[in-house]
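First the structure, then my questions, so here it is.
The values are calculated or read from the model by the stated rules, or taken from the named source; none is laboratory data. It should be emphasised that the depicted structure is a prediction, and the values quoted were computed from it without experimental measurement. All Cβ positions, glycine included, derive from the backbone under ideal geometry; neighbour counts span all protein chains shown. Side chains included, ligands, DNA and RNA excluded: accessible areas come from the protein's heavy atoms. Shrake-Rupley method; radii C 1.70, N 1.55, O 1.52, S 1.80 Å.
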Amino acid sequence: MAPKIAIVYYSMYGHIRQLAEAEKAGIEKAGGTVDLFQIAETLPQEVLDKMYAPAKPTDVPVLDDPAVLAEYDAFLLGIPTRYGNFPAQWKTFWDKTGKQWSTGGFYGKYAGLFLSTASMGGGQESTAIAAMSTLAHHGIIYVPFGYAKAFAQMTDLSEPHGGGPWGAGTLAGGDGSRQPSAREKEVATIQGEEFYKIVAKAFGA
C-alpha cells in the first residue's frame, strides 16, 4: 500500500513555499501523491505589514490541528530558521502536540526536513539538529537526505546555495530578497523523490 505523505511548512516570504513545491514535484515524480499544508501565522498583521511579508497563499490549507498530521504515514517539514532554531510559528504547532506525544500519535512515522536561512552558516544545520529532539520525543523516524543522490549539486561551490545532508535548503538574504535558485529547487526535487522511495520501500509499495 502506498504511504500517505504530507508536506508541512511555514513560509513568511515564500522561500520555503517554493521548496515545498519542488519537494512535491519530486514525490510525484517517484509515483507518490502528497498533500500540502502550511503552519498557522502567529504574528499580528500589523507586524507582518511592517516586515513587508506578502499575503499567505489561500490554496494551501492551514494545519491547526495536529491530529490531522497523525493521519499520515510520513511528512516533509519545511522550516525557516530563526537564530538557528524553529521559528515561533513552528514551535507553537509543536506545543499543541501534547496528546500525540502522550499517546504515540506520531510514533513510527517518517519525517524529512528542508530549510532556509538568511545566509550561509546561518543555522540550517543547527535547526535540523534542534529538530531532532522534537522528532525523538514523538518517536518519529528521521530520514536524512545525505549526499549520495545530489553530491555534485551540493558540493559545487561555484555559486552560493543552501542545503546539505540534513535536507534541501535555500538562502533568502538578510532582507528576504534572494529567491531559491534553480539548483536549490533541483536538490529539493531530488530529496522529495528519494524521500518517497525510502518511505515507500518501508511500506512495501
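Looking only at the chain, where both bridge partners belong to it, what percent of the DSSP beta bridges are antiparallel (to the nearest 5)? Walk me through the intermediate numbers first.
Values: 2 of 26 bridges.
Roughly 10 percent of the beta bridges in the chain run antiparallel, per DSSP.
Another question about this same structure. Step through the table entries K50/K99; K4/K185; K4/K50; K24/K91, compare each Cα-Cα distance with 29 Å, and write down the pairs that go over it. Mind showing how you got there, number by number?
Working: K50/K99 36 Å; K4/K185 23 Å; K4/K50 38 Å; K24/K91 23 Å.
In this structure, K50/K99; K4/K50 exceed 29 Å between Cα atoms.
Mind grabbing the accessible area of S158 for me, 1.4 Å probe, Å², rounded to tens?
The value for S158 is about 90 Å².
What is the distance, in nm, between label points placed 7 Å from the Cα along the Cα-to-Cβ direction at K56 and at L43?
1.3 nm
Could you order M132, M120, M51, M12 by accessible surface area, starting with the largest, using a probe radius of 1.4 Å? Walk me through the numbers on the way to the answer.
Working: M132 45, M120 130, M51 75, M12 15 Å².
Final ranking, largest accessible area leading: M120, M51, M132, M12.
In addition: Can you give the helix-only mean residue ellipticity at 222 nm for the chain, where every DSSP H stretch with n ≥ 4 adds -39500 (n - 2.57) and the sum goes over all residues, rounded to the nearest 500 deg cm²/dmol?
Values: 8 runs with 79 residues, N = 205.
Mean residue ellipticity, 222 nm, calculated: -11500 deg cm²/dmol.
Starting from one equal scatterer on each C-alpha and no solvent at all, send me the Debye-based log10 I(q)/I(0) for segment 53-97 at q = 0.14, 0.15, 0.16, 0.28 Å⁻¹, two decimals.
The calculated log intensity ratios at q = 0.14, 0.15, 0.16, 0.28 Å⁻¹ are -0.42, -0.49, -0.55, -1.25.
Rg and Dmax in Å for the chain, alpha carbons only: what are they?
Final numbers for Rg and Dmax: 15.9, 49 Å.
Could you order Y110, Y9 by accessible surface area, starting with the largest, using a probe radius of 1.4 Å?
Details: Y110 45, Y9 5 Å².
So, going from the largest accessible area down, we get Y110, Y9.
About the Cα centre of segment 1-127, what is the dipole size in debye to 20, counting +1 per Lys and Arg Cβ and -1 per Asp and Glu Cβ, all else neutral?
Values: 11 positive and 14 negative charges, 45 e Å.
Rounded to the nearest 20 debye, it is 220 debye.
Per the 1.4 Å probe, what fraction of the accessible area of the chain, in percent, lies on carbon and sulfur atoms? Intermediate values should be presented prior to the final figure.
Numbers: 5410 of 9490 Å².
Roughly 57 percent, rounded to a whole number.
At a probe size of 1.4 Å, how large is the accessible area of E193, to the nearest 10 Å²?
The value for E193 is about 30 Å².
Using only Cα atoms, what is the ratio of the radius of gyration of segment 13-102 to 2.2 N^0.38 Å?
Working: Rg = 14.3 Å, N = 90, 2.2 N^0.38 = 12.2 Å.
The value comes to 1.17.
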